[in-house]
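What follows is one structure encoded as structure tokens, with my remarks underneath.
Any read-out appearing in this document is the output of simple, stated calculations on the displayed coordinates, not a laboratory observation. If you're wondering where the values come from, they're calculated on a predicted model, not measured in any experiment. Please note: Cβ atoms are built from the backbone with ideal geometry, for glycine as well, and neighbour counts cover all protein chains shown.
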Amino acid sequence: MADSPKYKRVMLKVSGEALMGSREYGLDPETVQQIAGDVRDVSRMGVEVCLVVGGGNIFRGLAGAAAGMERSTADYMGMLATVINALALQNALEKLDVDTRVLSAIPMATVAEPYIRRRAVRHMEKGRVVIFGAGTGNPFFTTDTAAALRASEMNCDILLKGTKVDGVYDADPVSVPDAKRYDCLTYMQVLTQDLGVMDHSAISLARENSIPIAVFSIYQQGAFADVLRGNGRYTIVQH
Ligand code: UDP
């Protein structure tokens, strides 16, 4: 079937910024609900879905450190911000009748399950959407790296990075109107040309484990499912 998904288990990285919509800070409920709708549609296609969510819409460790905080403490605050976002997405998914579990890398038993790899796999096998909160649980890392790490641990077939634009460009498409979009890139091109798809440790981890990365527009309704069917506009990063 031309329209059937090409992948069995997928990881979606949603940045905190993506959840802001057009706001300057925090969560935009309509945007969160739209992203949840796209996740539901993919889950209903029979694809096992897990998500890593960022926290940049609330707090970034680097900003805290720049303001004089101790970096590790600031990073822990950033990780807590990702848990807030994870709960918001869980809430939006449950409103759409999608069974969802939040697994936190920092144990906080009253709000989320602790991250246990086998438990996460089992949830997905049962058709539940799994949201990984608190990044890797370690300061000095990012949620991009957490997404590559969990995608590797979960044996995901692809890592999708939802951004504001529909792929990777040779210049900022917002300020440079004739910027060229790449259809396909290698991990090495991304690393050596510093193309800013994800941070280097995330790219290296995906490369070592041969997990392709698809960069697509999270704001375009239905784009998540389209990428998995091999349709639509996106950039794929692979060997
Ligand atoms: N963070 C961390 N370790 C991790 C993941 C995240 O310390 O494994 C902290 C870090 O301070 C980061 C913040 O959490 O700035 C929010 O994550 P990120 O900046 O990756 O979010 P995004 O840019 O995707 O919204």
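With no solvent and one equal point scatterer per Cα, compute the Debye intensity ratio I(q)/I(0) for the stretch 181-239 at 0.16, 0.31 Å⁻¹ and report its log10, rounded to two decimals. With no solvent term, the Cα-only Debye profile gives -0.49, -1.26. Here the contact order of the stretch 49-105, divided by its residue count and restricted to Cα pairs under 8 Å and six or more residues apart, works out to 31 percent.
For chymotrypsin sites (Phe, Trp or Tyr not before Pro), the sites in the stretch 69-141 that DSSP calls loop and that have at most 12 other Cβ atoms within 10 Å are Phe140. Could you work out [θ]222 nm for the chain from helices alone, using -39500 (n - 2.57) per DSSP H run of at least four and dividing by all its residues? Round to the nearest 500 deg cm²/dmol. Rounded to the nearest 500, the figure is -11000 deg cm²/dmol.
Viscosity 0.890 mPa s, temperature 25 °C: what is the translational diffusion coefficient of the stretch 78-201 from Stokes-Einstein with a Kirkwood Rh over Cα pairs, rounded to a whole number of µm²/s? It diffuses with D of about 150 µm²/s by this estimate. Rounded, prolate or oblate: pick one for the stretch 80-140, where a ≥ b ≥ c are the square roots of the eigenvalues of its C-alpha gyration tensor, a/c under 1.5 means rounded, and failing that, prolate if a/b is larger than b/c, else oblate. Oblate shape, in that a/c is at least 1.5 and b/c is the bigger or equal ratio.
Relative contact order of the stretch 9-238: 22 percent, from C-alpha pairs under 8 Å at least 6 residues apart in sequence. Phi angles of the stretch 158-170 translate, via the Karplus equation with coefficients 6.51, -1.76, 1.60 and θ = phi - 60°, into HN-Hα couplings of 7, 10, 9, 10, x, 10, 7, 10, 8, x, 9, 10, 7 Hz per residue; Gly and Pro are given as x.
In this structure the amide hydrogen of Leu51, modeled in the peptide plane, comes within under 5 Å of the amide hydrogens of Leu12, Val130, Ile131, Phe132, none closer than 5 places in sequence on its chain.
The trypsin sites (Lys or Arg not before Pro) of the stretch 130-179 that meet both conditions, a loop assignment by DSSP and at most 13 other Cβ atoms within 10 Å of the site Cβ, are Lys164. The GNM of the chain, with springs linking C-alpha atoms under 10 angstrom apart, assigns the highest mean-square fluctuation among Gln90, Gln193, Gln221 to Gln193. By the combined test of axial Cα extent (at least 18 Å) and Kyte-Doolittle hydropathy (mean at least -0.5), the qualifying DSSP H helices of the chain come to 71-95. Residue-normalised convex hull volume from the C-alpha trace of the stretch 9-238: 121 Å³ per residue.
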